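> Handing you a structure now.
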Amino acid sequence: MRAPPFTDDINGEMVPPNFKLPNLHTYDGRGDPEDHLRAFISAFRLYCVPDAVICRAFPIFLHGTARKWFWSLEPGCISSLDELIDRFIHRFVSSRPITKTSAYLLNLQQGQGESLRSYAQRFNEENVQIPDQNEQVTIAAFTNGLVAGIFNTEIHRQYPHTLRELWERVDQGIRSEDLNRMKREAQASRTGQDPRRRKDTGRGEQGPSGTSNQLRDRRSVFDRIVKGRSSTSDAELTPLNSSRTHVLAVMR
């Protein structure tokens, strides 16, 4: 087996009696190397462990690509913890995630039909990943991403000057949005319960021109004419002294 890449003074350092290794995640070359180092060194510093022992314990918390890299180093090439840290970061610096700035938030937009609650949650998920926030840029990014509507109008009518004021206004907007949504659902539910009643009450109602009443009057007149007709045959009727044309002309 290849010897570790430490000098003899590090390899010869005695581990303190009754020392127990901390419970830490191992690093495989993916993710932020500095984040792994902070967690690793902080855990050992808590027990006042010498730097040489920290170096010797370092490969225990590596696996995969990171472990292969460590054991590929030349024996005796590392003489201090600082040198180990420098080599480790230099090797895996490309795995460090790209740091986002507040300007990145300007790319976020509220979707058409997306609730204010959903947009605020999605915005905050990105916002917490920004280490050095610019308050005014964050406010501008959130308000710029809003879709046209009541909340967008209100927020620009009285523009917030601090993040605290912004989130208080957003909280009020979310509660108003939820209340309106519940009211719409309740109204839709009540409307959907009486479709037959609304249909029945519409039957026989008179239209704007009174069409229904006119038809009813015509039927009544026709019924009266039919009922009033005599069953006597034409032969039994008294003959006319004038022609039918003359009679009709007089009636007019």
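The values are calculated or read from the model by the stated rules, or taken from the named source; none is laboratory data. As the structure is a prediction and not an experimental result, all values here were calculated from the model. All Cβ positions, even for glycine, are placed from backbone atoms using ideal geometry, and neighbour counts span all protein chains on display.
> When you go through Arg117, Arg122 one by one, which is the residue that is of a type outside the set (Gly, Ala, Ser) and touching a residue at least 60 places away in the same chain (Cβ under 8 Å)?
Answer to the check: Arg117.
> Would you call Gln129 in a loop (DSSP other than H, G, I, E, B), under 18 Å from the mean Cα position of the chain (by Cα) and at pLDDT below 95?
In short, yes.
> Select from the stretch 83-132 the residues that are touching a Leu at 6+ places or on another chain (Cβ under 9 Å) and basic (Lys, Arg) and list them in ascending order.
Arg87, Arg122 - these are the residues of the stretch 83-132 that are touching a Leu at 6+ places or on another chain (Cβ under 9 Å) and basic (Lys, Arg).
> Still on this structure, I have one more. Does any residue of the stretch 8-17 turn out to be touching a Lys or Arg at 6+ places or on another chain (Cβ under 9 Å) and acidic (Asp, Glu)?
yes
> With Ala103, Ala141 as the choices, which residue is touching a residue at least 24 places away in the same chain (Cβ under 8 Å) and exposed (fewer than 14 other Cβ atoms within 10 Å of the Cβ)?
Ala103
> Could you check, for the stretch 202-210, whether at least one of its residues is loosely packed, with under 10 Cβ neighbours inside 10 Å and either at pLDDT 55 or above or assigned by TED's automatic domain parsing to the domain that holds Asn124 (or both)?
no
> Right, another one. Suppose we keep only residues that are free of Cβ contacts under 8 Å to residues at least 12 places away in the same chain and not basic (Lys, Arg) within the stretch 47-73. Which one would you say is farthest from Ile10 (Cα to Cα)?
Only one residue fits best here, namely Ser72.
> So is Thr7 touching a residue at least 24 places away in the same chain (Cβ under 8 Å) and over 26 Å from Arg96 (Cα atoms) or not?
It is true that Thr7 is touching a residue at least 24 places away in the same chain (Cβ under 8 Å) and over 26 Å from Arg96 (Cα atoms).
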